[in-house]
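In what follows, a structure is listed as structure tokens, so that the remarks can point back to it.
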Ligand code: AMP
């Protein structure tokens, strides 16, 4: 069983009200793989520039992440700079330098094409669709997207949505995509666009799942210190998809439990800059948090 992720590999600069870092390993595919690799072998597809220091992702290889889909191109690695406001649910992007990511045209290595689980992180929806068309016999495909694609490339995004099983987005994106103020009505509308599983992430307010006509609501794990929320969404996706692939089937119980794994991993991610906490974590750390979450949700 394996899980493939296609997304960004980046250097980030991040400012929070309390701390600042000028260059940290980031990117959606890196966060995703750092989380999912605790649960299942991961195949990564991305691109880096000549400035990228591959030793920084050696820990991923050591965890069984196949990096043969990570290509190097002439130029610089994708760079993103963001700042969090006092309410860390709010962030502004200060700079995006696409660099080698601008001409990213993901190609799945032959050995990735039959991977049963596939996650398409936030890239141009046409590229997401191209990747789906390269894969064969995939059992479950999920994707992320963002305001930029919803506003700028809606027809292509609709075509990609029609080809996936799952969508993970945040609450403001769900409202924008559906045109509905009520998240619950919005989710129904989004399901009509294609994905039978929709997950809406609401930061410290947890995440909502709709699957087989039923809602499931998972609270956020109570973190002692929210240090840097960057990557929490991608880490959630890595935990969610990693658990599903490990469970080996998509059903009511596995999808619900996968929400707890996504939540537990996201809570580890936000405790440090970059993937530092995820790098040091093991499966026992994650399972401890999953257990605490399930106790928090128990009725008796
Ligand atoms: P998240 O906080 O889960 O939205 O993920 C943040 C990560 O996504 C950062 O590490 C960034 O490098 C990366 N990122 C930010 N903007 C983009 C973009 N336009 N395309 C791809 N990756 C991005």
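Bear in mind that the values in this text are calculations on the coordinates, not laboratory data. Model, not experiment: these values are computed from the prediction. Quick reminder, even Gly has a Cβ in these numbers, built from the backbone with ideal geometry, and neighbours come from all protein chains shown.
Taking the chain as a Gaussian network, Cα atoms linked when under 10 Å apart, which of 287, 276, 56 shows the biggest mean-square fluctuation?
Between 287, 276, 56, it is 56 that shows the largest mean-square fluctuation.
With springs only between Cα atoms under 10 Å apart, run a GNM on the chain and tell me which of 30, 200, 42 wobbles the most.
Residue with maximal mean-square fluctuation among 30, 200, 42: 200.
Where both residues lie in the stretch 1-93, what percent of DSSP beta bridges are antiparallel, nearest 5?
Here the share of antiparallel DSSP bridges comes out near 35 percent.
Over the chain, what is the percentage of antiparallel beta bridges among all DSSP beta bridges, to the nearest 5?
Numbers: 20 of 51 bridges.
Once the DSSP bridges in the chain are tallied, antiparallel ones form about 40 percent.
Return the distance in nm (one decimal) between the two label points of a simple spin-label model at residue 22 and residue 133, each offset 7 Å from Cα along Cα→Cβ.
4.4
Sort 136, 277, 292, 185 by Cβ crowding within 10 Å, fewest neighbours at the top.
136, 185, 292, 277
Rounded to the nearest 5, what % of the DSSP beta bridges within the stretch 156-300 are antiparallel ones?
Details: 9 of 14 bridges.
Looking only at bridges with both residues in the stretch 156-300, the antiparallel portion is about 65 percent.
Per DSSP H run of at least 4 residues, take -39500 (n - 2.57); add these up for the chain, divide by its residues and hand me the 222 nm value, nearest 500 deg cm²/dmol.
My calculation for the chain gives -11000 deg cm²/dmol from helical runs alone.
Of 140, 184, how do they rank once you tally other Cβ atoms within 10 Å and put the fewest first? Provide the component values of the computation, followed by the final result.
Details: 140 19, 184 11.
So the residues, fewest neighbours to most, are 184, 140.
Normalising by the residue count of the stretch 3-297, find the relative contact order in percent from Cα pairs under 8 Å and 6+ residues apart. Could the numbers behind the result be given before it?
Numbers: 633 pairs, mean separation 51.7, N = 295.
RCO, the stretch 3-297: 18 percent.
Suppose each label sits 7 Å from its Cα in the direction of the beta carbon; what would the residue 151-residue 83 distance come out to in nanometres?
1.9
Taking the Cβ of each residue in 187, 132 as the centre, tally the other Cβ atoms inside 10 Å and list the residues starting with the fewest.
Exposure proxy ranking, most exposed first: 132, 187.
Taking a spot 7 Å from the Cα of residue 188 along the direction of its beta carbon, which residues of the stretch 201-228 have an amide N less than 19 Å from it?
208-217
Quick check on the stretch 64-185: take the gyration tensor over C-alpha atoms, sort the square-rooted eigenvalues as a ≥ b ≥ c, and tell me if it's rounded (a/c under 1.5), prolate or oblate.
It comes out oblate by the Cα gyration axes.
Once the Cβ-Cβ distance between residue 297 and residue 103 is put in as r, and R0 is 35 Å, what FRET efficiency do you end up with, to the nearest 0.05?
Values: r = 45 Å, r/R0 = 1.29.
About 0.20, to the nearest 0.05.
Tell me, what is the Rg over Rh of the chain, with Rh the Kirkwood radius over Cα pairs?
We get a ratio of 0.93 for the chain.
Build a GNM of the chain with springs between Cα atoms under 10 Å: which of 162, 33, 264 gets the top mean-square fluctuation?
162
Please pull out the direction-averaged projected area of the stretch 195-271, using the convex hull of its alpha-carbon atoms, in nm² to one decimal place.
For the Cα atoms of the stretch 195-271, the hull's average projected area reads 4.7 nm².
Suppose R0 equals 25 Å; then what is the FRET efficiency for residue 56 and residue 95 from their Cβ-Cβ distance, rounded to the nearest 0.05?
0.75
With a ≥ b ≥ c taken as the square roots of the eigenvalues of the C-alpha gyration tensor of the stretch 37-111, please select rounded if a/c is under 1.5 and otherwise prolate if a/b is larger than b/c or oblate if it is not?
Cα axes put the stretch 37-111 in the oblate bin.
Given a cut-off of 22 Å, what percent of all Cα-Cα pairs of the stretch 135-271 lie beyond it?
34
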